[in-house]
């Protein structure tokens with residue numbers, strides 16, 4: 001066999017080997033959800049006519065009610081036209097069926113029943129009865145130096161304020177909600193990140209960063225929803241406490257953000273400052289705090305995990321705040337099985353740093369919605 005023939009034979013063997021590996025991979029079921037996600041589509045700008053920006057929460061409408069159609073995507077804004085954090089008052093409604101975006105709600109900046117005013121956060125949901133519930137973590141100068149305790153606001157499906165909840169357990173509702181909705185009753189879980197929070201100018205001499213404290217909580221709110229009337233808050237229970245929090249000039253505050261409830265009633269919580277996801281057992285029934293819960297996973301691919309969602313396969317998807325990746329975690333083992341760059345904007349370092357906040361599964365469970373803060377856009381990831 002001459003040299004040319006020998007090379008050809010080797011090439012044929014290599015080709016067969018590559019094809020065999022490719023076929024084996026093709027036949028193998030994906031280990032995780034993110035392996036099936038290949039397309040990222042820009043859907044809409046989230047900037048409103050009054051200039052509000054910095055999209056935070058994402059909620060997919062479970063029903064049609066008022067101005068909202070089932071499967072619409074609601075997104076709220078945390079900043080105003082001047083880009084001051086804790087001053088955003090608007091919620092936009094993106095309708096997938098028409099690809100149109102409209103203004104759903106514009107709240108007053110100063111709402112007397114809400115201590116400190118209005119600055120809409122990642123804490124938002126829509127109930128099966130059509131009521132929208134959203135958290136407010138307000139400021140007047142864009143920093144925690146002037147923050148108020150905030151409140152939880154109930155809106156009707158036409159975007160009008162119907163009720164507000166405040167009190168000793170409610171201090172800066174911050175993270176995305178985990179919700180159990182039974183129609184005439186509902187249970188909400190919201191992280192509270194404002195207790196004892198100081199100005200970002202108060203620096204810890206040891207770390208050279210704003211002072212970190214461990215006072216953030218996770219609060220369970222039990223609701224009754226009378227026929228045709230706004231939800232009524234009937235009980236409150238702190239199910240988790242001692243989570244890390246601190247003021248931050250660039251990000252307003254850092255505290256527990258992602259909440260996701262598993263079918264066994266385990267509540268998963270992201271704590272970005274400690275770069276960790278923990279689990280609170282028996283979250284629906286417990287009568288006392290579990291502290292910060294049990295460690296599920298820490299470090300690794302996580303890079304300040306923020307909002308989080310539970311997938312149909314029982315995994316968690318957590319958005320990183322300090323890079324543009326979303327990380328998938330197997331809740332049964334705590335293994336970080338995959339990560340994917342969903343915002344690789346090179347203007348930030350690392351790419352996508354500070355760009356990701358809310359996340360929500362699409363109705364078919366095959367993809368997810370997210371926002372890109374650098375572009376103020378709503379995105380969809382899917383197959």
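Things to note:
- If the condition is being over 28 Å from residue 125 (Cβ atoms) and either outside any loop (DSSP other than H, G, I, E, B) or touching a helix residue (DSSP H, G or I) at 6+ places or on another chain (Cβ under 6 Å) (or both), then segment 201-244 contributes 203, 210, 212.
- Residues that are in contact with a strand residue (DSSP E or B) (Cβ under 6 Å, 6 or more places away or on another chain) and not in a loop (DSSP other than H, G, I, E, B), drawn from segment 57-67: 57, 58, 59, 60
Residue-wise test of (1) in contact (Cβ under 8 Å) with a residue 40 or more places away in the chain; (2) within 24 Å of residue 55 (Cα to Cα); (3) surrounded by 15 or more Cβ atoms within 10 Å (Cβ to Cβ).
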site	(1), (2), (3)
225	yes, no, yes
239	yes, no, yes
290	yes, no, yes
304	yes, yes, yes
307	yes, yes, yes
313	yes, no, no
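- For segment 357-373, filtering for residues that are at pLDDT 95 or above and closer than 15 Å to residue 308 by Cβ leaves 8.
- Test result for residue 101, touching a strand residue (DSSP E or B) at 6+ places or on another chain (Cβ under 6 Å), part of a strand (DSSP E or B), at pLDDT 95 or above and surrounded by fewer than 24 Cβ atoms within 10 Å (Cβ to Cβ): yes
- Segment 179-196: number of residues that are part of a loop (DSSP other than H, G, I, E, B), over 21 Å from the mean Cα position of the chain (by Cα) and touching a residue at least 24 places away in the same chain (Cβ under 8 Å): 2
- Picking from residues in segment 354-363 that are assigned to a loop (DSSP other than H, G, I, E, B) and touching a strand residue (DSSP E or B) at 6+ places or on another chain (Cβ under 9 Å), the one that is surrounded by the fewest Cβ atoms within 10 Å (Cβ to Cβ) is 363.
- Checked against (1) buried (at least 24 other Cβ atoms within 10 Å of the Cβ); (2) in contact (Cβ under 8 Å) with a residue 60 or more places away in the chain; (3) farther than 20 Å from residue 202 by Cα, residue 165 passes all but condition (1).
- Screening segment 154-178 for residues that are part of a strand (DSSP E or B) and within 18 Å of the chain's Cα centre (by Cα) and picking the one that is farthest from residue 193 (Cα to Cα) gives 178.
- Between 31, 4, the distinction of being modelled with pLDDT under 95 and part of a helix (DSSP H, G or I) belongs to 4 only.
- Residue check: residue 334 meets all listed conditions (1) assigned to a strand (DSSP E or B); (2) over 26 Å from residue 54 (Cα atoms) but one, namely (1).
- Some residue of segment 222-237 being under 20 Å from residue 327 (Cβ atoms) and modelled with pLDDT of 95 or more: no
- Check on residue 331, surrounded by 18 or more Cβ atoms within 10 Å (Cβ to Cβ) and in contact (Cβ under 8 Å) with a residue 40 or more places away in the chain: yes
- When residue 70 is tested against the conditions (1) in contact (Cβ under 8 Å) with a residue 12 or more places away in the chain; (2) closer than 15 Å to residue 360 by Cβ; (3) part of a loop (DSSP other than H, G, I, E, B), the lone failure is (1).
- Tabulated pairs, segment 272-285, first at positive phi, second buried (at least 18 other Cβ atoms within 10 Å of the Cβ) and not in a strand (DSSP E or B), C-beta under 6 angstrom, 6+ apart or interchain: 275/302
- Test result for residue 129, at negative phi and out of contact with any helix residue (DSSP H, G or I) (no Cβ under 6 Å at 6 or more places or on another chain): yes
- Residue among 85, 113 that is in contact (Cβ under 8 Å) with a residue 40 or more places away in the chain, in contact with a strand residue (DSSP E or B) (Cβ under 8 Å, 6 or more places away or on another chain) and surrounded by fewer than 24 Cβ atoms within 10 Å (Cβ to Cβ): 113
Per-residue answers, yes or no, for (1) over 19 Å from the mean Cα position of the chain (by Cα); (2) surrounded by 18 or more Cβ atoms within 10 Å (Cβ to Cβ); (3) not in a strand (DSSP E or B):
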site	(1), (2), (3)
277	no, yes, no
284	yes, no, yes
326	no, yes, no
375	no, no, yes
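- Residue check for residue 317: outside any loop (DSSP other than H, G, I, E, B), touching a helix residue (DSSP H, G or I) at 6+ places or on another chain (Cβ under 8 Å) and closer than 12 Å to residue 270 by Cβ: yes
The values are calculated or read from the model by the stated rules, or taken from the named source; none is laboratory data. Being a predicted model, the structure only gives us computed values, none of them experimental. Backbone-built Cβ (ideal geometry, glycine too); neighbour counts: all protein chains shown.
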